[in-house]
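Enquirer: Next up is a structure, given as structure tokens.
Since every read-out is calculated from the coordinates, none of them should be taken as a lab result. It should be emphasised that the depicted structure is a prediction, and the values quoted were computed from it without experimental measurement. Cβ sites come from the backbone with ideal geometry, for glycine too, and all protein chains shown count toward neighbours.
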Amino acid sequence: MEWMVEQVSRVNGAVNYRVIDEDTAIVADVKRDYEGEDALAIARLIAAAPTLLAALKDITPTMPPMNATCHVGMTTQDKCAHCRRIAAALAAIAKAAGL
Ligand SMILES: [Zn+2]
């Protein structure tokens with residue numbers, strides 16, 4: 001899945017962007033009433049979402065629930081920065097899945 005950003009209009013200083021898929025179907029319209037940098041950043045983030053999600057899934061190991069033993073077995077997961085980062089990544093993946 002490859003999504004791309006295209007500029008669709010510029011009116012009174014506001015620049016609107018559209019995220020489209022490889023068939024040029026519209027994924028999202030990003031419209032802002034002020035300077036275009038924010039709208040472009042948002043459109044780029046949306047366009048990168050499938051790639052970001054796939055990469056995050058690839059590098060994120062599955063993990064037992066919080067408060068289980070940490071990955072190195074020395075403490076609980078909630079006291080380990082590495083395990084907390086993995087939990088945050090898993091939470092982001094779940095959010096993307098609507099869970
Ligand atoms: Zn750990």
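Enquirer: Mind checking which lysines have their C-alpha under 16 Å from residue 95, skipping anything on the same chain fewer than 8 residues away?
Expert: 57
Enquirer: Okay, next question. In whole Å, how far is the Cα centre of segment 1-34 from that of segment 49-94?
Expert: Cα centres, segment 1-34 to segment 49-94: 33 Å.
Enquirer: Arrange the peptides 46-53, 23-30, 58-65 so that the one whose residues have, on average, the most other Cβ atoms within 10 Å appears first.
Expert: 46-53, 23-30, 58-65
Enquirer: What's the ranking of 86-97, 71-82 by average number of surrounding C-beta atoms within 10 Å, highest first?
Expert: Packing proxy ranking, top to bottom: 86-97, 71-82.
Enquirer: How many percent of the alpha carbon pairs in the chain exceed a separation of 24 Å?
Expert: 44 percent
Enquirer: While we're on this one: In debye to the nearest 20, how big a dipole does the chain give about its Cα centre with +1 on each Lys and Arg Cβ and -1 on each Asp and Glu Cβ?
Expert: That gives a dipole near 520 debye.
Enquirer: Still on this structure: In percent, what relative contact order does the chain have, based on Cα pairs under 8 Å that are 6 or more apart in sequence?
Expert: About 18 percent, as a whole number.
Enquirer: Hey, another quick one. Using +1 at the Cβ of each Lys and Arg and -1 at the Cβ of each Asp and Glu in the chain, identify which of 76, 20, 1 lies farthest towards the dipole's positive end.
Expert: Positive-most Cα among the choices belongs to 76.
Enquirer: Under a cut-off of 17 Å between alpha-carbon atoms, report the aspartates and glutamates in cross-link reach of residue 31, not counting same-chain residues fewer than 8 places apart.
Expert: List returned: 6.
Enquirer: Compute the Cα gyration tensor for segment 60-99, then decide on rounded, prolate or oblate, letting a ≥ b ≥ c be the square roots of its eigenvalues: rounded whenever a/c is under 1.5, prolate when a/b is larger than b/c in the other cases, and oblate in all that remain.
Expert: It comes out prolate by the Cα gyration axes.
Enquirer: Let me ask another. So if the hydrodynamic radius of segment 7-59 is defined as the Kirkwood radius over C-alpha pairs, what does Stokes-Einstein give as its diffusion coefficient at 10 °C and 1.306 mPa s, in µm² per second?
Expert: My calculation gives 134 µm²/s for D.
Enquirer: I would also like to ask the following. Measuring from label point to label point, each 7 Å out along Cα→Cβ, what is the residue 28 to residue 91 span in nm?
Expert: Output for this residue pair reads 2.0 nm.
Enquirer: Can you list which of the GluC sites (Glu not before Pro) found in the chain are DSSP loop residues with at most 15 other C-beta atoms within 10 Å? Show your work: numbers first, answer last.
Expert: Numbers: sites: 2, 6, 22, 35, 37; in loops: 2, 22, 35.
Passing both the DSSP loop test and the Cβ count: 2, 22, 35.
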